[in-house]
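S.K.: Can you read through this structure? Questions will come right after.
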Amino acid sequence: MRPITIRQWVHANICVTDMERSVAFYELIGFEKFDDQIFGEGAAVWPGLGLINGRRFRAVFMKIPGDRPVPFLDIIQFLDPPTAGDAYPTLANIGIGRLCFEVEDIHAAAAHLVANGVELVGPISAYETAPGVRPHGVEALFVCFKDPDGTIMEYTQFADNALDVVKAGAPT
C-alpha cells in the first residue's frame, strides 16, 4: 500500500458563537476576509460534517494578507441549530490546542493585543525544553492569547524564521 501524499495544508476550522465579533477579532490579529457563505438545509456538506440534522451555518474564510491563498481560516457559526459548547479551558486538553502564527515583533504584537482588550494566556516566553535550553538551538519567543470565544491562538517570533524549526529537526 502506498503512503498518502499530502500536497499542502489548506485550512483550519474555528467554530464561533458571534461571527461579526469573531471576524473583527481575526482582522485585529492580522487576517483579511475573502469569502462569506451561508450553507443551508439539505446541502451536501452536512453528512460529511456528521451533522445530519443541521439546517444552516455561516462560513467566513480569512487569509494572511498577500499573495499566499493557503492556508486560511474557515470560521463557522452554526445558525440552526446554533453553535454549542465551550472552548477548551486550558492547553492541557486533548485535541487541537492552538494555531500559531509567526510575527516580526512579538513585543509589538502582544502590546497590540493587550491595547485591544485581548486576553493573554501568559507572558511572552522563550521556546525552551529546560531552563536556558533551546530545542536544537532554535531561538524563539511566543505568546498565547484567546479569541472572543476562548479559542487559544499563538504568535511566535523566531530569531530567523519558522524554517529554523524544520531545519533543526531534519535528519543530518
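S.K.: Please report the antiparallel percentage of DSSP beta bridges with both residues in the chain, rounded to the nearest 5.
M.R.: Working: 28 of 37 bridges.
DSSP beta bridges in the chain are roughly 75 percent antiparallel.
S.K.: Mind sorting I52, I64 by how few other Cβ atoms lie within 10 Å of their own Cβ, fewest first?
M.R.: Values: I52 7, I64 16.
Fewest to most other Cβ atoms nearby, the residues stand as I52, I64.
S.K.: Given a cut-off of under 8 Å on Cα pairs at least six residues apart, what relative contact order in percent is computed for the chain?
M.R.: On the way: 272 pairs, mean separation 33.4, N = 172.
Answer for the chain is 19 percent.
S.K.: What's the angle, to the nearest 10 degrees (0 to 90), between helix 19-28's Cα axis and the longest principal axis of the chain?
M.R.: For 19-28 against the chain, the angle is about 20 degrees.
S.K.: Let me ask something else about it. Give me the Å³ per residue figure for the convex hull around the C-alpha atoms of segment 99-166. Don't skip to the answer; put the middle values down first.
M.R.: Values: hull volume 5.9 nm³, N = 68.
Residue-normalised Cα hull volume stands at 86 Å³.
S.K.: Treating the beta-carbon of each Lys and Arg as +1 and of each Asp and Glu as -1, no other charges, what is the dipole magnitude of segment 46-150 about its Cα centre, to the nearest 20 debye? Could you put the intermediate results ahead of the total?
M.R.: Working: 8 positive and 12 negative charges, 79 e Å.
Dipole about the Cα centre, nearest 20: 380 debye.
Here, each number is a calculation from the coordinates, and none is a lab measurement. All values derive from a computational prediction rather than experimental measurement. A quick note on method: Cβ atoms are made from the backbone with ideal geometry, for glycine too, and the neighbour counts reach across all protein chains shown.
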